[in-house]
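**Q** Please find one structure pasted underneath; my questions will follow.
The values are calculated or read from the model by the stated rules, or taken from the named source; none is laboratory data. Given the structure is predicted, the values throughout are model-derived calculations rather than measurements. Cβ coordinates were reconstructed from backbone atoms using ideal geometry, including for glycine residues, and neighbour counts include every protein chain displayed. Each accessible area value is taken on the protein alone, full model and side chains, heavy atoms only, with ligands, DNA and RNA left out. Shrake-Rupley method; radii C 1.70, N 1.55, O 1.52, S 1.80 Å.
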Amino acid sequence: MQDTLAFLIHQPDLARRQIVNAASRQFKEGDVQHWWLPGTGAGVRTSISDDVVWLAYATHQYIEATGDSAILNETTPFLQGPMLTAGQHDAFYKPEISDEQASLYEHAARALDLAIKRTGSNGLPLILGGDWNDGMNRVGIGGR
């Protein structure tokens, strides 16, 4: 999603397609595939905490840049598959496409709800393993 933001000015239609595409790689529980193979859809389901905030942020930036708030009404299905177990960082597999569909707004809301749920006892969001800032990569891997 970070790279998608680079297209907002010169190719906003490409950014729009990628935002909707990213939403289609979200599980019903709110978490997302960190990456996936375009041909098969197989990819990595992770507990990376910053992944779930990028959809809402990129969507907001897209709307600010283009004025196209209709993107919020785009619908796409969720993924379904085995959830990660406690302490499991990731799992590679090909998820199924769920019968449940929702608007991009709902996809972003579920992701943000998960980010809020992943809050530590001090009220701050948890930084879980694998986050983008390599210096902080493992600081929250124990759930603190």
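**Q** Taking region 21-35, which residues are of a type outside the set (Phe, Trp, Tyr), more than 9 Å from Leu79 (Cβ to Cβ) and in a strand (DSSP E or B)?
**A** Result: His34, single match.
**Q** Residue pairs, Cβ under 8 Å, 6 or more apart or interchain, first in region 1-19 and charged (D, E, K, R), second open to solvent by less than 80 Å² (accessible area, probe 1.4 Å) and not in a helix (DSSP H, G or I). List them.
**A** Matching pairs, first to second residue: Arg16/Asp68.
**Q** A further question follows. When region 36-56 is examined, which residues are found to be in a loop (DSSP other than H, G, I, E, B), hydrophobic (A, V, I, L, M, F, W, C) and under 18 Å from His107 (Cα atoms)?
**A** Ile48
**Q** Criterion first (polar (S, T, N, Q), assigned to a loop (DSSP other than H, G, I, E, B) and in contact (Cβ under 8 Å) with a residue 40 or more places away in the chain) does Ser98 satisfy it?
**A** Taking the combined requirement at face value, the residue does not satisfy it.
**Q** While we're on this one: Let me spell it out: the conditions are (1) assigned to a helix (DSSP H, G or I); (2) surrounded by fewer than 21 Cβ atoms within 10 Å (Cβ to Cβ); (3) under 15 Å from the mean Cα position of the chain (by Cα), and Ala65 meets all of them except one. Which number is the exception?
**A** With respect to (1) assigned to a helix (DSSP H, G or I); (2) surrounded by fewer than 21 Cβ atoms within 10 Å (Cβ to Cβ); (3) under 15 Å from the mean Cα position of the chain (by Cα), Ala65 is out only on (3).
**Q** Additional query: Please go through (1) under 17 Å from Arg17 (Cα atoms); (2) modelled with pLDDT of 95 or more; (3) not polar (S, T, N, Q) for Tyr93 and return the number of the only condition it doesn't satisfy.
**A** Unmet for Tyr93, out of (1) under 17 Å from Arg17 (Cα atoms); (2) modelled with pLDDT of 95 or more; (3) not polar (S, T, N, Q): (1).
**Q** To continue, here is another question. Looking only at region 31-46, which residues are crowded, with 21+ Cβ neighbours inside 10 Å and either among the basic types (Lys, Arg) or in contact (Cβ under 8 Å) with a residue 40 or more places away in the chain (or both)?
**A** Asp31, Val32, Gln33, Gly43, Arg45, Thr46 - these are the residues of region 31-46 that are crowded, with 21+ Cβ neighbours inside 10 Å and either among the basic types (Lys, Arg) or in contact (Cβ under 8 Å) with a residue 40 or more places away in the chain (or both).
**Q** Looking at region 30-88 only, could you name the residues that are of a type outside the set (A, V, I, L, M, F, W, C), touching a strand residue (DSSP E or B) at 6+ places or on another chain (Cβ under 8 Å) and at pLDDT below 90?
**A** Thr46, Ser47, Ser49, Asp51
**Q** Does Thr59 fit the bill of being surrounded by 16 or more Cβ atoms within 10 Å (Cβ to Cβ), in a strand (DSSP E or B) and among the hydroxyl-bearing types (Ser, Thr, Tyr)?
**A** Taking the combined requirement at face value, the residue does not satisfy it.
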